[in-house]
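The structure appears right after this line, and notes come after that.
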Amino acid sequence: MRPFTYTQPKTIEEALTASVTNSDSKYLGGGTNLVDLMKEDVERPSQIIEVADLDFNTITSNDTGGFTLGAMLSNSETANHPDIRKNYPLLSMAMLSAATAQIRNMATNGGNLLQRTRCPYFFEVSMPCNKREPGSGCGALEGANSKHAIFGWSESCVATHPSDMCVALAALEATVTLQKPGGTSRTIEFTDFHRLPGDQPEKDNTMLPGEIITAIDLPSPKFQSNYHYLKIRERSSYAFALISVAAGLQISGGKITDIGLAMGGVAHKPWKLIKAEAFLTGKMPTKANFEQAAELALRDAKTLSDNEYKVTMGKKAIVRALEQALAKTA
Amino acid sequence: MNTDISIGTGNPIDRVEGRLKVMGLAKYASEFNVKNLAYAQGINSTIAKGTITAIDTSEAEKQKGVIKVLTYKNADKLKQYDEELPAISTSSIQPVLQSADVHYYGEYVGLVIAETFEQAQYAASLVKYTYSEEKPDIDFDSSRAKAYRPTEKSDYSRGDISQGLAEADVTLEQIYNTPIEHHHPMELHAIIASWNNGNVEAYASQQIIDDATLTIADTFQIEKKNVRVIAPFVGGGFGSKLHAKQHVILGVMASKQLGRPVQMTVTRNQMFTNTNLRQRNEQKIQVGAKSDGSLTALSHDTLSHTSTYEEFQESCGTVTKMLYKTPNNKVRHRLMPMNLQTPFAMRAPGEATGSFALESAMDEMAWKLKMDPVDFRVKNDTQVDPSSDKPFSSRLLNECLKIGAKEFGWEDRPQKPGTKEEGNWLVGYGVSGASRRAPYQKTSAKVILELKDSEVFATIQMDATDIGTGSYTIIAQTASEYLNIPVAQVDVELGDSDFPKTLGSGGSWGAASFSNGARAACENAIASLEEKSGLKIADAGLAKLMRSGNLTSFEAEGTAEPDEEFKNHSVFSFGANFTEVWVDKDTGVFRIKRMLNVASCGKILNPKTAFGQIIGGCVMGAGMVIAEQTKVEPNYGNFITRSFADYHVPVNLDMANIDVIFLPEEDKIANKMGIKGVGELGITSVAASIANAIFNATGKRMRDLPITPEKLIVAEKEPGVA
């Protein structure tokens, strides 16, 4: 591992200031991704700023009738929190399907949003990767790409975002609050937080240099009765999704009045299925409608040499997740 | 070391070294406290084929703590192979850093030695290599033209395969694929080496101590008696530690150059590229049978790869030669030299992969013949090994199948594929037969008896290893039985080349060989004591025998080896595996709901450790099906699955309930104690059992391992399935 300095600021202001003094800094939450990447020589920060113990580790009510998740709270504490289990069971379910209990105990909410792709070309420093080393090329485009994107990719990057939590947050239409050096903070829609690769795949998200995620805000409680997070993976635990679907339904008078639908494992960001959501809103929750929505959702898919299966899998996963959500009436 | 008061074998006692293990006192190779230790870190090539044209070590050498950087330019000159593409064994030489040539991606091209592990690792990343790169042979399909026959023994035939197929009422020809797999024992490969005036002492994680001393001695061209290898505890091997690999040589070389002890640990990433792997096998099976189910022909062609500098063949066809009665049989193995590391034996080499192909094909044939797959196998049983015409020492395959079918509830198996449903799941049952050669090796042991307060305490010494399998425990139980003293009064010391010689742990020969070796030493001790005292142990007991000779301590050695009876028979363990799987109708996901493994493997010395061996094998076999595979990057030739995050082994949730039944048996032809191997039988044919269950559940015939969701979701039903 490369030598680096380690600072433990006591306040967020100190943390932000420390990042300004060294543009080569990384904030450390649980370290479950950053430390791995440092061992692989992928991440090479010269300064580590530990932020896990800063005061952003609570869950509180917010003024939209929803709840605010502190960015430094662990994934385990969040997923198992009574307010989250009761009000956003879709989020709990997605979070608990991720990684292992040990990793969830360490991983922070802010860190979860910032975890980097699992693309093997990104992880192996002797391989070309535009995300790791802009201009070096994309090894996966014409290489081993069975686990790569089918939506929104570019010639320069076909990587996917690996998070489960973020897929649920996209379905729930959360917002993210960021604070930047100088003290000002801003709030953005969750779906605007991550970005598509375009010709700048080195940028996973729309954060500005030095910014820290302080909170994730959830709207008023949603999909408490009809929800499902479906994760298709190579083993029953401790594996990233080949495809995942977060589905939440609000049903009234036999019709879908509100819907949240997003996919993981298919794009550079959590992929909100806006067309499918629009199609199903106001319709009856029938299998035929679910299948039509799934067709609509995958219509724009663009496959690579090894990932054609994701189209079939994606359609089946959407239908199944919606069926399971429908069946789950509490 | 232990407190168990039971006497003899057959009891499910706890591991005698268990307490040491949970207290962290059982030391593995890298954990020995050796003074003045330096740390070495290997550097891996980043091309698959070519030549090093320049090396810049200046940055690395400037770093704090760095003692030396070794490359081919300043490495010791080692013994070279006499021939091109030599077939490697467990004691072959291991030349390393001998030229500028690169043979595969990740090959060692250098070594940094520093005062700390962290310093060595960081400095290793700073050594800069310039290569002249060539196009590597990394594509299986485009290497076919290079396929060759490794040895004459790679081919076998009896009868006439074409005639056998012509006589058949029903025939089958299919290709089955298994990917590259890796062993990944929990304990990383490691060595602490001390070179002292031409003498070598090494703590090394190896399965065969004597062969490790040979590899070191031959590679450095020194006398074997000047090499001592110590490995009291080995944290798993699965075949990857049978042979002392290049890191062992690098550790010794570094110590020789520095004049101080050096530790070298192979990192988890390097375990993919610098130890061993199970090669990818493409197996073509042809089967012919009469409509009554009697086999007329079995053919098994295996195409695989080796490296461009060493040869290793996994004998997938072995199982097809001997498992079923058929007059016409043909087996062939071909290898293609490719720019990948040299493969080597991995748990049940040949059988684990070969039985996936054969036992899948048997299931396909049973379906074509409209026969129950259990009945089809039973019908083709043979008590004589058709490949050698020798009778089997014992063969209870039919019993394994029949008893297993009854205990498993095989009669509930859906007759037609894809017809049993549970909610969103399709339910299927699968079966496979298993066989694994039960070798028995010449083994020596020493027993040291001490009389203390009218109780006799025994110490058994041998250079055998305990690779997590329970060698300490069964050797203690054996000595306890033959000396008729409690297990608690037996101490066992293993894993030191100063002890009497064995062939170590491998090939499922450990239990039979070690126990009989210990038995021979104990029997010799008793015979000598009886002769000296004129008393009989049965009447007087061991303590009285020693007292009457005025002895407070006594030593004896003994050697056990296969006799004529063994050589005149074909000696195998047999088994059957039954699996119930639930396959999701839509998502490509399947779950193993339950598994039953019936094993016929001679006398069971300790049902607890034997059970551990079988269920461990079943899990490893399930891993072959669920997700284990090492993927070669198609353009550069590196492995893209180089961590446990990407190389998926089963988790607890994948393996629901595994039951094991040991058929009561003592095979006295195999050896005097009636023991046969357990370690590899468990993994054998598990993959076929699961794949056959998936067919029964879905009508989809999955012939390429692993059966991942991405394959299962797009697979079509077999023609003829409704």
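The values are calculated or read from the model by the stated rules, or taken from the named source; none is laboratory data. The structure displayed is predicted, hence computed values, not measured ones. Using ideal geometry, Cβ is built from the backbone for each residue, glycine included, and neighbour counts are taken over all protein chains shown.
Here is the figure for the stretch B:1-33: residues that are of a type in the set (Val, Ile, Thr), assigned to a helix (DSSP H, G or I) and touching a residue at least 24 places away in the same chain (Cβ under 8 Å) total 0. Counting only residues that are touching a strand residue (DSSP E or B) at 6+ places or on another chain (Cβ under 9 Å) and either farther than 19 Å from B:LEU705 by Cα or not in a loop (DSSP other than H, G, I, E, B) (or both), which one in the stretch B:630-647 is nearest to the other protein chains (Cβ to nearest Cβ)? Only one residue tops the list, namely B:ASN638.
Listed by position, the strands (runs of 3 or more DSSP E) inside the stretch B:541-629 whose residues that are within 14 Å of chain A (Cβ to nearest Cβ) and at pLDDT below 95 number at least 2 form an empty set.
A quick yes/no check of all residues on (1) farther than 15 Å from B:LEU97 by Cβ; (2) more than 20 Å from the chain's Cα centre (by Cα); (3) surrounded by 22 or more Cβ atoms within 10 Å (Cβ to Cβ):
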site: B:VAL229; (1), (2), (3): yes, yes, yes
site: B:LYS241; (1), (2), (3): yes, no, yes
site: B:ALA244; (1), (2), (3): yes, no, yes
site: B:ALA254; (1), (2), (3): no, yes, yes
site: B:PRO261; (1), (2), (3): yes, yes, yes
site: B:THR267; (1), (2), (3): yes, yes, no
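Name the single residue, out of those in the stretch B:363-413 being part of a helix (DSSP H, G or I) and among the β-branched types (Val, Ile, Thr), that is nearest to B:TYR324 (Cα to Cα). Let's see the steps before the verdict.
Of the residues in the stretch B:363-413, the ones part of a helix (DSSP H, G or I) are B:363-369, B:373-379, B:397-408, B:410-412.
From the residues that got through so far, the ones that are among the β-branched types (Val, Ile, Thr) too are B:374, B:378, B:403.
Numbers: B:VAL374: 13, B:VAL378: 9, B:ILE403: 19 Å.
Across the stretch B:363-413, the extreme among qualifying residues is B:VAL378.
Candidates are the residues of the stretch A:291-302 that are surrounded by fewer than 16 Cβ atoms within 10 Å (Cβ to Cβ) and in contact (Cβ under 8 Å) with a residue 40 or more places away in the chain; the one that is nearest to the other protein chains (Cβ to nearest Cβ) is A:LYS302. Among the conditions (1) surrounded by 19 or more Cβ atoms within 10 Å (Cβ to Cβ); (2) more than 14 Å from every other protein chain (Cβ to nearest Cβ); (3) touching an Asp or Glu at 6+ places or on another chain (Cβ under 8 Å), the only one that A:LYS269 does not satisfy is (3).
Any residue at all in the stretch B:648-662 that's assigned to a helix (DSSP H, G or I), charged (D, E, K, R) and in contact with a Pro (Cβ under 9 Å, 6 or more places away or on another chain)? No, the stretch B:648-662 contains no residue that is assigned to a helix (DSSP H, G or I), charged (D, E, K, R) and in contact with a Pro (Cβ under 9 Å, 6 or more places away or on another chain). Of the listed requirements (1) in a helix (DSSP H, G or I); (2) within 14 Å of another protein chain (Cβ to nearest Cβ); (3) of a type in the set (A, V, I, L, M), A:ALA159 misses just one: (1).
Scanning the stretch A:192-239 for residues that are within 14 Å of the chain's Cα centre (by Cα) and part of a loop (DSSP other than H, G, I, E, B) yields A:PHE193, A:ARG195, A:LEU196, A:ASP204, A:THR206. Confirm whether B:GLU531 is over 20 Å from B:GLU481 (Cβ atoms), outside any loop (DSSP other than H, G, I, E, B), more than 26 Å from the chain's Cα centre (by Cα) and not assigned by TED's automatic domain parsing to the domain that holds B:ILE669. Taking the combined requirement at face value, the residue satisfies it. Kindly provide the set of residues from the stretch A:282-306 that are more than 18 Å from A:LEU230 (Cβ to Cβ) and either outside the structural domain of A:ILE232 (by TED's automatic domain parsing) or assigned to a loop (DSSP other than H, G, I, E, B) (or both), ordered by number. Residues satisfying the conditions are A:GLY282, A:LYS283, A:MET284, A:THR286, A:ARG299, A:ASP300, A:LYS302, A:THR303, A:LEU304, A:SER305, A:ASP306. Please determine whether any residue of the stretch A:221-244 is touching a Lys or Arg at 6+ places or on another chain (Cβ under 8 Å), within 14 Å of chain B (Cβ to nearest Cβ) and over 26 Å from B:PHE644 (Cα atoms). Yes, the stretch A:221-244 contains at least one residue that is touching a Lys or Arg at 6+ places or on another chain (Cβ under 8 Å), within 14 Å of chain B (Cβ to nearest Cβ) and over 26 Å from B:PHE644 (Cα atoms). When the residues of the stretch B:648-673 are filtered to those that are over 23 Å from the mean Cα position of the chain (by Cα) and farther than 20 Å from B:VAL598 by Cα, the one that is nearest to the other protein chains (Cβ to nearest Cβ) is B:LEU653.
When the stretch B:550-576 is filtered for residues that are small (Gly, Ala, Ser) and crowded, with 18+ Cβ neighbours inside 10 Å, the ones remaining, listed by number, are B:ALA556, B:GLY558, B:ALA560, B:SER570, B:SER573, B:GLY575, B:ALA576. Among the residues of the stretch A:267-290, those that are over 21 Å from A:HIS161 (Cα atoms) and without any contact (Cβ under 8 Å) to a residue 12 or more places away in the chain comprise A:ALA278, A:THR286, A:ALA288, A:ASN289. If you filter the stretch A:1-32 down to residues that are part of a loop (DSSP other than H, G, I, E, B), in contact (Cβ under 8 Å) with a residue 60 or more places away in the chain and within 20 Å of A:PHE56 (Cα to Cα), you find that the one that is farthest from the other protein chains (Cβ to nearest Cβ) is A:GLY29.
Each residue in the stretch A:123-167 was checked for being out of contact with any helix residue (DSSP H, G or I) (no Cβ under 7 Å at 6 or more places or on another chain) and among the β-branched types (Val, Ile, Thr), and 3 of them qualify.
Of all residues assigned to the stretch A:181-201, none qualifies as being in contact with an Asp or Glu (Cβ under 6 Å, 6 or more places away or on another chain) and touching a residue at least 24 places away in the same chain (Cβ under 8 Å). Kindly provide the set of residues from the stretch B:663-688 that are more than 21 Å from B:LYS567 (Cα to Cα) and outside any loop (DSSP other than H, G, I, E, B), ordered by number. B:VAL686, B:ALA687, B:ALA688, listed by residue number.
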